[in-house]
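*Asks:* Pasting a structure here, questions to come.
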Amino acid sequence: MRKLLAATLGVLSAIGGFVDIGDLVAASQAGARFGMAHAWVLLVGVLGICAYAEMAGRIAAVSGRAVFDLVRERLGPRVALLNLVASYVVTVVTLAAELGGVALAVQLATGVSYLLWVPVAAFAVWLVLWRMRFELMERVFGLAGLALLVFAVALVALPTDWGRLGRQAVQLSSAGQGWSAYWFVAVALFASTVSPYEVFFFSSGGVEERWSAADLADARSSVLIGFPVGGFLALSLIATAAVVYHPSGASLDTLDQVAQPVVLAFGGIGLAVAVLAFFAVTFGAALETGLSAAYAAAQYFGWQWGKRISPRKAARFHSVLLVSVLLGVLALLTRVDPIQLTEYMLIISAVALPLTYLPILVVANDRNYLGDRVNGRWTNLLGALFLLLIVVASVAAIPLAIITRMGQ
Amino acid sequence: MRVQLTKRLLDRQIIDADGRLVGRVDDIEFAIDDEGYPYLDCLLTGQRVLGERVGGWIGRALVAIADRFVDDPPVPPVRISVSLIDRMDSAVRLRVRAGDLPASPLEVWLRRHLIDRIPGAHRASG
């Protein structure tokens, strides 16, 4: 239990990457269209984010520097500013989508249009950011997000053909949808699993919790439990959609369709748990993205940041938080579809991803920061391979998006 | 103290004696001693001096934004004498408290006009 509580920071960080509002639908859609053929992408993504979150957590514990500190220190003010702008746009647009997701979950429970719930959701999110203690926030939303395990349980209750799922995962096929659509979905899933705000949030959370070198073991278990749990939740979404939708090739693009497999398995109670899970993960992802946007800006400029001190002593940090939430609300009131909002961020992520992960890898080898806790040879090899993969995925994202018209 | 200025000093976080974040080393200032040798005199921090260092239209935009949210622009940067530096590791650590240094004008402006007006601004959530 103590291990699990220590791991909630990792779980909450992973939720924003693996099962936020965009991914709830995108993962289910991938399962409906291609079966389990994208399972390997999640495995690769989990391995990559674990490698980088471990480095970022180690740097935060030993030196007290969070990720955007490193970005500014290593890339200088200009290139870091480019990264800040790209990361801020990605993160705040994702925040908008999550606020919409919270409102959609409430709409699913009440039947009242989500647009009316958007201001309520935004106020609730802001209130938590303004008042709730960081550890409490991380535990409540990290643990509540685990309600999404209901999808894994549903898989057991449904007449699942495990052999068939296994074959789909191993024998890759484009299921008659075309290989460019297959690869677009693969790149989109991969990019969302390594979203830059996950490492901003994880490393800054470590600093908020005052990790020191003595907490390295906890930091590592938080990574090694949290991110695989996030990956498992996303995998169970793909699998349930593959079981329920893939045979008929039905398409899927709303939240109630995502919940359908759980309803088939458990009826009304299943729906209630699924709605609660959607609420928890989107709310958690909104907290993660809101804080990450403000962490990145504050760390770039060197402002006082964090929830440990009173807001008036971190006025610039809390101003950015407030403005980001308001921008999210404004974006949603244009009536843009919150579920599709995150898909377009893929292209801007392409700028932010290499400019975020390269400084982590460089500093993880710098003895001025880490003393003798610098990367070993295998961590460096893994880190370099993933950086290469991230660059390839970033470059491939744009032509694939154009050829397939965003994966159509 | 011998340091590689661009690698070890510029863009580093400045932290006070209590662990408060003071700002970043946005620029540095040299002075000339009696024998005509230049020496490092001050660390400079603030959006305006950062904008001037970045240069171009982006730098000018940073300066314009910095000037918009202060009471009487243009504000000079916060100057921190090198003699106040205690040690340098992954950050520049000062031997004084942030309260003894001039406050950031942007922080003061936002505190007065926005954050202090919201209930609960005085209590840390921890």
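*Asks:* Tell me which of these A:Arg133 doesn't satisfy, since it passes every other one: (1) crowded, with 17+ Cβ neighbours inside 10 Å; (2) basic (Lys, Arg); (3) more than 23 Å from A:Ser236 (Cα to Cα).
*Replies:* Checking A:Arg133 against (1) crowded, with 17+ Cβ neighbours inside 10 Å; (2) basic (Lys, Arg); (3) more than 23 Å from A:Ser236 (Cα to Cα), the one that fails is (1).
*Asks:* Shifting gears a bit: Quick check on the stretch B:23-37: of everything there that is in contact (Cβ under 8 Å) with a residue 40 or more places away in the chain and in a strand (DSSP E or B), which residue is farthest from the other protein chains (Cβ to nearest Cβ)? Break it down into steps so the answer makes sense when it comes.
*Replies:* Within the stretch B:23-37, the subset in contact (Cβ under 8 Å) with a residue 40 or more places away in the chain is B:23, B:25-27, B:29.
Checking the rest, the ones that are also in a strand (DSSP E or B) come to B:23, B:27, B:29.
Working: B:Gly23: 4, B:Asp27: 10, B:Glu29: 17 Å.
Per the criteria, the residue is B:Glu29.
*Asks:* Applying the selection to the stretch B:1-22, what residues are basic (Lys, Arg) and in contact (Cβ under 8 Å) with a residue 12 or more places away in the chain? Can you show your working first?
*Replies:* Narrowing the stretch B:1-22 to residues basic (Lys, Arg): B:2, B:7-8, B:12, B:20.
Residues satisfying the conditions are B:Arg8, B:Arg12, B:Arg20.
*Asks:* Another question about this same structure. Considering (1) assigned to a helix (DSSP H, G or I); (2) of a type in the set (A, V, I, L, M); (3) open to solvent by 30 Å² or more (accessible area, probe 1.4 Å); (4) more than 14 Å from every other protein chain (Cβ to nearest Cβ), say which one A:Val112 fails and leave the rest.
*Replies:* The number of the failed condition is (1).
*Asks:* Quick one: which helices (runs of 4 or more DSSP H) lie wholly within the stretch B:38-126 and hold at least 2 residues that are more than 10 Å from every other protein chain (Cβ to nearest Cβ), basic (Lys, Arg) and open to solvent by 40 Å² or more (accessible area, probe 1.4 Å)?
*Replies:* Working: elements: B:47-54, B:56-68, B:105-113.
Counting at least 2 such residues, we get B:56-68.
*Asks:* Pick from the stretch A:246-260 the residues that are of a type in the set (A, V, I, L, M) and in a loop (DSSP other than H, G, I, E, B): which of them is nearest to A:Gly22 (Cα to Cα)?
*Replies:* In the first step, residues of the stretch A:246-260 are kept if they are of a type in the set (A, V, I, L, M); the result is A:250, A:252, A:255, A:258-259.
Applying the additional criterion that residues be in a loop (DSSP other than H, G, I, E, B) yields A:250, A:252.
On the way: A:Ala250: 19, A:Leu252: 13 Å.
Of everything passing the filter in the stretch A:246-260, A:Leu252 is nearest to A:Gly22 (Cα to Cα).
*Asks:* Something else: Here is a list: A:Ala121, A:Ala169, A:Ala175. Which entry is in contact with a helix residue (DSSP H, G or I) (Cβ under 9 Å, 6 or more places away or on another chain) and at positive phi? Can you show your working first?
*Replies:* Numbers: A:Ala121 fails: at positive phi; A:Ala169 fails: at positive phi.
After applying the criteria, what remains is A:Ala175.
*Asks:* Another question about this same structure. So A:Ala217 clears everything in (1) without any contact (Cβ under 8 Å) to a residue 40 or more places away in the chain; (2) buried (at least 23 other Cβ atoms within 10 Å of the Cβ) except one condition, right? Which one?
*Replies:* So A:Ala217 meets the others, but not (2).
*Asks:* Let me ask something else about it. Answer yes or no as to whether A:Ala105 is closer than 18 Å to A:Val25 by Cβ and crowded, with 16+ Cβ neighbours inside 10 Å. Please lay out each step first, then the result.
*Replies:* Numbers: closer than 18 Å to A:Val25 by Cβ: yes; crowded, with 16+ Cβ neighbours inside 10 Å: yes.
So A:Ala105 fits the description; yes.
*Asks:* I need the full set of residues from the stretch A:19-38 which are assigned to a helix (DSSP H, G or I), aliphatic (A, V, I, L, M) and open to solvent by less than 10 Å² (accessible area, probe 1.4 Å), in order please. Break it down stepwise before answering.
*Replies:* Residues of the stretch A:19-38 that are assigned to a helix (DSSP H, G or I), as a first pass: A:21-34.
So of that shortlist, the ones also aliphatic (A, V, I, L, M) come out as A:21, A:24-27, A:30, A:32.
Selection gives A:Ile21, A:Leu24, A:Val25, A:Ala27, A:Ala30, A:Ala32.
*Asks:* Out of the residues in the stretch A:59-79 meeting the condition of being surrounded by fewer than 23 Cβ atoms within 10 Å (Cβ to Cβ) and in a helix (DSSP H, G or I), tell me which one is nearest to the other protein chains (Cβ to nearest Cβ).
*Replies:* A:Ser63
*Asks:* Starting from the stretch A:367-395, take each residue that is without any contact (Cβ under 8 Å) to a residue 24 or more places away in the chain and list its partners that are among the hydrophobic types (A, V, I, L, M, F, W, C) and part of a loop (DSSP other than H, G, I, E, B), counting only C-beta distances under 7 angstrom and pairs at least six apart or across chains.
*Replies:* A:Arg367/A:Val374; A:Val374/A:Ala364
*Asks:* Out of (1) within 14 Å of chain B (Cβ to nearest Cβ); (2) of a type in the set (D, E, K, R); (3) farther than 30 Å from A:Ala214 by Cβ, the odd one out for A:Glu98 is which?
*Replies:* Of the numbered conditions (1) within 14 Å of chain B (Cβ to nearest Cβ); (2) of a type in the set (D, E, K, R); (3) farther than 30 Å from A:Ala214 by Cβ, the odd one out for A:Glu98 is (1).
The values are calculated or read from the model by the stated rules, or taken from the named source; none is laboratory data. Here the structure is a predicted model, which means the values were calculated and not measured. Because the Cβ atoms are built from the backbone with ideal geometry, glycine has one as well, and the counts that use them run over all protein chains shown. With ligands, DNA and RNA removed, areas are computed over all heavy atoms of the protein, side chains included. Shrake-Rupley method; radii C 1.70, N 1.55, O 1.52, S 1.80 Å.
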